[in-house]
Amino acid sequence: MNMRKNIVAGNWKMNTTVPEGVKLASEVNEALKGVTPKCDVVIGVPFTHLTAVKAVIDSEKLGLSAENCADKVKGAYTGEVSAAMVASTGANYVILGHSERRAYYHETVEILAEKVKLALENGLKVIFCIGEVLEEREANKQNEVVAAQLASVFGLTAEEFANIILAYEPVWAIGTGKTATDDQAEEIHAFIRSLIAEKYGEQVAEDTTILYGGSCKPSNAKALFAKPNVDGGLIGGASLDAESFMGIVTAF
Ligand code: PEP
């Protein structure tokens, strides 16, 4: 039986104050009351917002994600937020490996492997982002880049890997208004699935959700999601407006 899930997940990044975030989450929650989406819906919010947002959403219909967690268990790491802390808010997901964290906070394959391990140990599902920068795409190196990034999750057992959702996000398409074409997305998603099949076998590969991220909006979501290897989206800018976000959710 194919257990692959379609998912549309928002990534609010460093946007909204707590009251603004609670308002946005309430709007998405309200909009979901009227529909039965053909996908799971998740919002990724800043650490400061998790508890307040959790209190206003129907967890049966809307999943809650953090955007990061620490690579350490606990202790003298001033300013860090552990996976256990995230889980204690009632969040069920964490986004890890986002290109902004790789680029600005120097998160390496090894650091990310630690974060993934701790997130899973604390019962969180991981939305793990991979993707190449423009120069790598222009040099046709996207396949080797994503293959190398997958090392952070390919040390997991198949049982652990079942809690990984991959998000292919070409860095050149994030926040730029430039989307990968649906054919470009399909081609690399199929390649990523083939790597999972080599590592864990066909069934695990079939069951793995692979999201597309990068300037996904209501106008292009339908074509992207129609591709057999695109199982939904990780949505940045368009997730900051309930109507646009819902336009993507209902694209399935
Ligand atoms: C993201 O940051 O995960 C993302 C996909 O952003 P945007 O939709 O704004 O390109």
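Summary table below
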quantity	calculated
Sites matching chymotrypsin sites (Phe, Trp or Tyr not before Pro) across the stretch 24-133 that sit in DSSP coil, with at most 11 neighbouring C-beta atoms within 10 Å	Tyr105
Of all accessible heavy-atom area on the stretch 129-190, the percent that carbon and sulfur account for (1.4 Å)	49 percent
Centre separation in Å (Cα based) which lies between the stretch 117-134 and the stretch 158-183	11 Å
Solvent exposure, largest accessible area first (probe 1.4 Å, DNA, RNA and ligands not counted), of Asp183, Asp207, Asp241	Asp183, Asp241, Asp207
Positive-end extreme of charge dipole, the chain - chosen from Asn143, Ala84, Trp172 (charges on Cβ)	Ala84
Pairwise label distance in nanometres, Glu144 with Met3, each label 7 Å out on the Cα-Cβ vector	3.5 nm
Lysine pair count for the stretch 52-162 [Cα-Cα under 18 Å; pairs on different chains or 8 or more apart]	9
Solvent exposure of the chain as accessible area per residue, Å², 1.4 Å probe	45 Å²
DSSP-loop GluC sites (Glu not before Pro) across the stretch 61-116, with at most 16 other Cβ within 10 angstrom	Glu80
Per-pair calculated FRET efficiency, R0 = 41 Å: Lys61 and Thr108 via Cβ, rounded to 0.05	0.70
Helical mean residue ellipticity (222 nm; -39500 (n - 2.57) per DSSP H run of 4+; nearest 500) of the chain	-12000 deg cm²/dmol
Relative contact order of the stretch 7-249, defined on C-alpha pairs under 8 angstrom at six or more residues apart (%)	20 percent
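The values are calculated or read from the model by the stated rules, or taken from the named source; none is laboratory data. No experiment lies behind these values; they were computed from the predicted model shown. Cβ atoms come from the backbone with ideal geometry, glycine included; neighbour counts cover every protein chain shown. These accessible areas exclude ligands, DNA and RNA; they are computed on the full protein's heavy atoms, side chains included. Shrake-Rupley method; radii C 1.70, N 1.55, O 1.52, S 1.80 Å.
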